[in-house]
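Notes for the one structure printed next.
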Amino acid sequence: MRDAYSVRTVRAAERELMARLPRGALMRRAAAGLAAACAGLLGRTYGTRVVLLVGSGDNGGDALFAGAHLARRGAGVTAVLLNPEKAHEAGLAALRAAGGRAVAAPSSVVEGVPADLPALIRRADLVVDGIVGIGGRGGLRPDAVEVLRVVQEAGVPVVAVDLPSGVDADTGEVHGVAVRAAATVTFGAYKPGLLIDPAREHAGAVRLIDIGLGPYLEAAEPPVRAPRHADVAALLPRPAAESDKYRRGVTGIAAGSARYPGAAVLAVAGALRGGAGAVRYAGPATDVVIARFPETLVSAGSPTEAGRAQAWVVGPGLGDGPRAAETVREVLALDVPVLVDADGLRLMDAERVRERTAPTVLTPHAGEAAALLGTARGEVEAARLASVRELARRYRATVLLKGSTTLVAEPDEDRPVRVNPTGTGWLATAGSGDVLSGLIGSLLAAGLAAPDAAMAGAYLHGLAGRLAAPLASALDVAEALRRVWEDVTDGTRRAPRPVPPTRRATGRDVAERGPGTT
């Protein structure tokens, strides 16, 4: 797992480590890593122009010391001091000693250098954001906002120090204007805001610099975790010599309607490609399901009449017909794991969900989550971590909140929230969520715990979306699950078909190396 720690935990680990190191050693480690990352992005250092945006405190100090490294290697480095009186003294001295310069933003003059900020930034090859560190809260000051406006207009690539200024390290929320970095160099540990949107979109490619915090984080529980290939591979079921279709797990699907028969087909497709020994379908779309997947065990009656299943999926495409609500009630009354999606989320009785003793998984997108919480969709999208935790707490269920960064939360608030690193915008196509529901349902039927099934399903689904891209249909995504499953379980490192260069460094490369990691 790739663990992300709270600011409080990271600060405590830093204090423990600094007590064992010479004064300033930890900052020098961070600055050396930052400078190396900047040099790598520049391609060459000698003769380039670098502008440092420097706030007060250690974050600005990291930028100044890194600037000194770059200046000694021949870069022309200018530090723009947003708060000159509180600039890191040792870092500023190191920059000056290396031949770097400093100006006070936005209109003062230091050391005789005119503070023509727009011209200065337009000439730069790289801007380093050291305005606010991981302790920043509540948005940026007006002077910083004005500087960022100039940077954005200039179009110069930005490297963020530890975290893009203006985003919340602990929640992934963004309050007002924030840095949009091409890359973020973070120190010691990932922070939740680097993994969760909307902040993640501001971070760009993320590079983790090891500064020695590992031993001081081992006892802490990370609030956010992101799986890697090996984590998912360890969970996926493998048939034993004595396995039969019932031992492998039978998944029940209660989905589709006369108006939306395709939802049944797609949910069944996801279940069949998710390792299920057998799939039972109960509903009005038996003809189209059996025509597409003749191995499906179909029943036109109710779920209770369909036969035994180790887990059920209910909701996709049920519509508003007279049987829809009753179907949801019947499935929720079964003493097996149940996944509720789409129309099922609208039709389910909240108290019945809370009273269930068998595991329940809810899989809303942001709009459905907003309806369940009684709030606006924009509020869910702005505070994804808080929203998924509240849903899990309120409904006493495992909740998978779909979106640009899919999150999985457990009813136990002390357990980490899982973040899926393989998501892609190519999955924003009709029916892909139905495939995901069937996939997770099959993993539940195979015996995976609800949070593990949801996490593994989202991970595989994301990789399948990448493999099937571009312009893939939901059935294409389902079919791609076969190769993705093989890829994850056999330990190979075959890359899926490349996604066009407009995407950020997220997905399969992220799954192996870190979110947007260079």
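The values are calculated or read from the model by the stated rules, or taken from the named source; none is laboratory data. What you see is a predicted model; the values in this text were computed from it and never measured. Here the Cβ positions follow ideal geometry from the backbone for every residue, glycine too, while neighbour counts run over all protein chains shown. Surface areas here come from the heavy atoms of the whole protein model, side chains and all, with no ligands, DNA or RNA. Shrake-Rupley method; radii C 1.70, N 1.55, O 1.52, S 1.80 Å.
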Practice prompt. Mind counting the residues in the range 156-212 that are under 18 Å from residue 2 (Cβ atoms), among the charged types (D, E, K, R) and assigned to a loop (DSSP other than H, G, I, E, B)?
Written response: 5
Item to complete: Go through (1) part of a loop (DSSP other than H, G, I, E, B); (2) at pLDDT 95 or above one by one and return the number of the condition residue 134 breaks.
Response: (2)
Item to complete: Please work out which residue is farthest from residue 400 (Cα to Cα), limiting yourself to the range 416-440 and to residues that are of a type in the set (S, T, N, Q) and open to solvent by 20 Å² or more (accessible area, probe 1.4 Å).
Response: 429
Worksheet item: Which residue out of 117, 126 is at pLDDT 95 or above, at negative phi and open to solvent by less than 30 Å² (accessible area, probe 1.4 Å)?
Response: 126
Discussion item. The conditions are (1) within 25 Å of residue 387 (Cβ to Cβ); (2) under 18 Å from the mean Cα position of the chain (by Cα), and residue 185 fails exactly one of them. Which is it?
Written reply: (1)
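This table checks each residue for (1) touching a Lys or Arg at 6+ places or on another chain (Cβ under 9 Å); (2) open to solvent by less than 10 Å² (accessible area, probe 1.4 Å); (3) without any contact (Cβ under 8 Å) to a residue 24 or more places away in the chain.
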site	(1), (2), (3)
189	no, yes, no
196	yes, yes, no
209	yes, no, no
224	yes, yes, no
230	no, no, yes
238	no, no, no
243	no, no, no
248	no, no, no
Discussion item. Name the single residue that is surrounded by the fewest Cβ atoms within 10 Å (Cβ to Cβ) among those in the range 297-327 being in contact (Cβ under 8 Å) with a residue 40 or more places away in the chain and part of a helix (DSSP H, G or I).
Written reply: 324
Fill in: Subset of the range 24-55 (residues that are open to solvent by 30 Å² or more (accessible area, probe 1.4 Å), more than 22 Å from residue 189 (Cα to Cα) and either in a strand (DSSP E or B) or not aliphatic (A, V, I, L, M) (or both))
43, 44, 46, 47, 49
Discussion item. Condition check: at pLDDT 95 or above and among the small types (Gly, Ala, Ser). Does residue 176 satisfy that?
Written reply: no
Worksheet item: Restricting attention to the range 392-415, and to residues there that are part of a helix (DSSP H, G or I) and buried (at least 18 other Cβ atoms within 10 Å of the Cβ), which single residue is nearest to the chain's Cα centre (by Cα)?
Response: 392
Worksheet item: What number of residues within the range 63-75 satisfy the criterion of being open to solvent by 40 Å² or more (accessible area, probe 1.4 Å) and not in a helix (DSSP H, G or I)?
Response: 1
Item to complete: Within the range 1-29, work out how many residues are within 30 Å of residue 407 (Cα to Cα) and not charged (D, E, K, R).
Response: 9
Fill in: the range 251-290, residues that are crowded, with 23+ Cβ neighbours inside 10 Å and polar (S, T, N, Q)
251
Discussion item. Would you confirm, using the coordinates I've provided, whether residue 220 is among the aliphatic types (A, V, I, L, M), in a helix (DSSP H, G or I), open to solvent by less than 40 Å² (accessible area, probe 1.4 Å) and in contact (Cβ under 8 Å) with a residue 24 or more places away in the chain?
Written reply: no
Fill in: Residue under evaluation residue 139, criteria (1) in contact with a Lys or Arg (Cβ under 9 Å, 6 or more places away or on another chain); (2) assigned to a loop (DSSP other than H, G, I, E, B); (3) among the small types (Gly, Ala, Ser), criterion not met
(1)
